[in-house]
Amino acid sequence: MEPRRKTTPDARWMDKIRKWTAALPPRIWTIGGTAVFVFAIGWCMLAPDQRKAPPTPPSPGVAGTRGILNPQPSTSTVSPDAGIAEKDLVFIQAVRLQPSQPTRMDSLKAEIVAAPTAPGRLAYIYRWKVNEQVIGEEAGDTLNLSPFKKGDLITVAVTPHDGDIYGHTVESPVIAVHSAPPSLELQAARLVKKAGVPVELQLIGTAPDGERITFSLEPPLVPGMTIDGSSGKISWLLQPDQKGSIRFGAAVEDDNGTKVTNTFDITVE
């Protein structure tokens, strides 16, 4: 007689499940398999990804936990007008004022050095300023200095354009109005062409800026000739050997130290 196998409760349940599933029709197997497949696909798609990406180090110029690392200068590379790059709006390389030491007797002219990137044809808007005060909008390239005084500070800002696009405005260096040099002329007050007789000559000098002036004799010096520094009157006692063309020098100087020297010729018979 064959010995009877001993079965556990779990084994008995597994036998029952196998018998039950074997009795199921094929249609139930198809539906069940499809449901299991769909459930597996949905689980894979909806399950959260537990993988963590490694931390990204801060790039240069970005604030970190201890401040800004390798800060980079903030510059705009694109113009707000028409999206043109800033470097393409540099039409002027420099603006210079001539003469470099002007006086009230001069007219100041703005000379423009165009940049290599400038268009072929440009127009300019000039904004002149005296002592930081704008005196002319859209004026020309020349400024008459006669209305101003010694010591006034002048500059000009120039804006270029080609009719449609405006380039960067460039300002000239500041230039001061200098003292106008005094003038010097010779006027013969009294002339006696005879040896031993005093001769009087008169120097005429003016200072455009109203400074006090002083006269003096300069080389070539003539024996017997003296001068009054305040009035410019020359006294000259002719010597027997002084005949023909006599040349002497004279100067006038204002209290700013501006000195003008000239030479004069007198004929003695």
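Data for the structure
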quantity	calculated
Qualifying position, being of a type outside the set (A, V, I, L, M), over 13 Å from Glu185 (Cα atoms) and in contact (Cβ under 8 Å) with a residue 24 or more places away in the chain, among Asp228, Asp255, Asp241	Asp255
All positions within segment 210-269 that are at pLDDT 90 or above, surrounded by 15 or more Cβ atoms within 10 Å (Cβ to Cβ) and assigned to a loop (DSSP other than H, G, I, E, B)	Val222, Gly232
Pick from segment 143-152, criterion surrounded by 14 or more Cβ atoms within 10 Å (Cβ to Cβ) and at pLDDT 90 or above, ranking: nearest to Leu108 (Cα to Cα)	Leu143
Condition check for Thr169: within 30 Å of Gly120 (Cβ to Cβ) and either crowded, with 20+ Cβ neighbours inside 10 Å or at pLDDT 95 or above (or both)	no
Residues satisfying the stated conditions in segment 124-139, i.e. closer than 30 Å to Asp209 by Cα and modelled with pLDDT of 90 or more	Tyr126, Arg127, Trp128, Lys129, Val130, Asn131, Glu132, Gln133, Val134
Test: residue in segment 114-123 that is at pLDDT 95 or above, out of contact with any Gly (no Cβ under 6 Å at 6 or more places or on another chain) and of a type in the set (D, E, K, R)	no
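The values are calculated or read from the model by the stated rules, or taken from the named source; none is laboratory data. The structure displayed is predicted, hence computed values, not measured ones. Note that we place each Cβ from the backbone using ideal geometry, even for glycine, and neighbour counts take in every protein chain shown.
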